[in-house]
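Engineer: The structure follows.
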Amino acid sequence: MFNWDEIFKDTGWFHWTGITPAISKGTADVCLEAIEAANKKGITVSCDLNYRNKLWKYGKKASEVMPLLVSGCEIVLGNEEDAEMSLGIKPEGVDVTAGDLTAEAYLSVSKKIMKQFPRVKKVITTLRTSISADHNKWSGVLYNGSKFLEAPVYDITHIVDRVGGGDSFMGGLIYGLLNYKDNDQKALNFAVAASCLKHTISGDFNLVTVEEVEKLMGGDASGRVSR
C-alpha cells in the first residue's frame, strides 16, 4: 500500500514511537515494514519506546511486538519501565520512587539493550524527579557503547505544561545528533535544554528557537524567552 522508495526519497532519518504499534496489528505491521525499508536504504532509524499500557488492547503484549521493531533501530529512547514492559529488560539498582536522579543506575539497562539488539548504537533515558505537580528536576543520560554521558540537571520550579516533554526531548536529540556530529554530549545537552524550555509552554508543541535552547545550554537560566 505504501511506496517506500517515494516516501523515503531524500530521507536520512526515520523516527517512530511505541504508540504506533500499540494501536493495532495493522499499524504494527506497517511500522515494521517502514523500519525494514529504511534499513535497506541505510536511513538512520530511531525510536521512543513510549510504553502505554492502556493502548495495547488487540491481543498482543508490547513485549511480543516491540523487540522485532527495535532490532532495526540505531537510536533508542526509553526509561526503565519502557525497557521492562516493551523489551523484557529489567533494570538493576533503580528505585524510581526514591526521588533521586540516580543516573548511573541506568547504565545496566543501556548495556542490556545494546547486547540484545546489536544494531543499536545509542541508548538514551530522560530523568525526571517529581517534587510536586509544578516542580520537577529534569535531566538525561546517553550511552554510546563506550561512554556514559550525563546532562546537567535543571530545576524547573514553575511548570506550565508537561505534555510534549518527551517528544520535545526526542526532537531536540535528533537535531543535536544531526548538527553536533561526533559530540554526543552536546546533542544530549541540547535535548535536555529544549525539553526543559517546553515545560514553560502551554500545549504540546515546543515553540522555542535553536538560539533560545543554546542560550540555556550556555548557562542563561533567566527564564526569559525571546519573542
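Engineer: Under 19 Å between C-alpha atoms is the cut-off here; go through the range 58-198 and count lysine pairs that meet it, provided they're at least eight residues apart or on different chains.
Structural biologist: Pairs that pass both the separation and distance tests number 22.
Engineer: Can I ask one more? Output the relative contact order of the chain, whole-number percent, from Cα pairs under 8 angstrom with separation of 6+ residues.
Structural biologist: On the way: 393 pairs, mean separation 26.6, N = 227.
This gives 12 percent for the chain.
Engineer: Grab the DSSP H runs of the chain that are 4 residues or longer, score each as -39,500 (n - 2.57), total them, divide by all residues and round the 222 nm result to the nearest 500 deg cm²/dmol.
Structural biologist: Working: 9 runs with 90 residues, N = 227.
About -11500 deg cm²/dmol.
Engineer: So, counting K/R as plus one and D/E as minus one, what does the shell of residues with Cβ under 14 Å around ALA38 add up to? Provide the component values of the computation, followed by the final result.
Structural biologist: Details: positive: LYS9, LYS40, LYS41, ARG119; negative: ASP5, GLU6, ASP10, GLU33, GLU36, GLU74.
For residues surrounding ALA38, the net value is -2.
Engineer: Now, a different point. Could you estimate the translational diffusion coefficient of the chain from the Stokes-Einstein equation, with Rh from the Kirkwood formula over C-alpha pairs, at 25 °C and 0.890 mPa s, in whole µm²/s? Spell out each step's value before the answer.
Structural biologist: Details: Rh = 18.2 Å.
The estimated diffusion coefficient comes to 135 µm²/s.
Engineer: When the chain is treated as a GNM, springs tying every alpha-carbon pair under 10 Å, which of VAL160, VAL210, VAL109 comes out with the largest mean-square fluctuation?
Structural biologist: VAL210
Engineer: Grab the other residues whose beta carbon is less than 9 angstrom from that of TYR143, score K and R as +1, D and E as -1, and report the net. Walk me through the numbers on the way to the answer.
Structural biologist: On the way: positive: LYS111, LYS122, LYS147; negative: none.
Surrounding charge for TYR143 is +3.
Engineer: Return HIS158, HIS199, HIS15, HIS135 ranked ascending by Cβ neighbour count within 10 Å, so the fewest neighbours appear first.
Structural biologist: Values: HIS158 9, HIS199 21, HIS15 17, HIS135 13.
Taking fewest neighbouring Cβ atoms as first place, the list is HIS158, HIS135, HIS15, HIS199.
Engineer: Moving on to the next point. Name the trypsin sites (Lys or Arg not before Pro) in the range 131-182 that are in a loop by DSSP and that have at most 11 other C-beta atoms within 10 Å, would you? All intermediate terms of the calculation are to be shown ahead of the outcome.
Structural biologist: Values: sites: LYS137, LYS147, ARG162, LYS181; in loops: LYS147, ARG162, LYS181.
In loop regions of the range 131-182 (DSSP not H, G, I, E or B), the sparsely surrounded trypsin sites (Lys or Arg not before Pro) are LYS147, LYS181.
Engineer: For THR11, what charge total do you get from the other residues with a beta carbon under 14 Å from its beta carbon, if Lys and Arg give +1 and Asp and Glu give -1?
Structural biologist: Numbers: positive: LYS9, LYS40, LYS41; negative: ASP5, GLU6, ASP10.
Every neighbour counted, the sum reads 0.
Read-outs: derived from the displayed coordinates by stated rules, not from any lab. Model, not experiment: these values are computed from the prediction. Cβ atoms come from the backbone with ideal geometry, glycine included; neighbour counts cover every protein chain shown.
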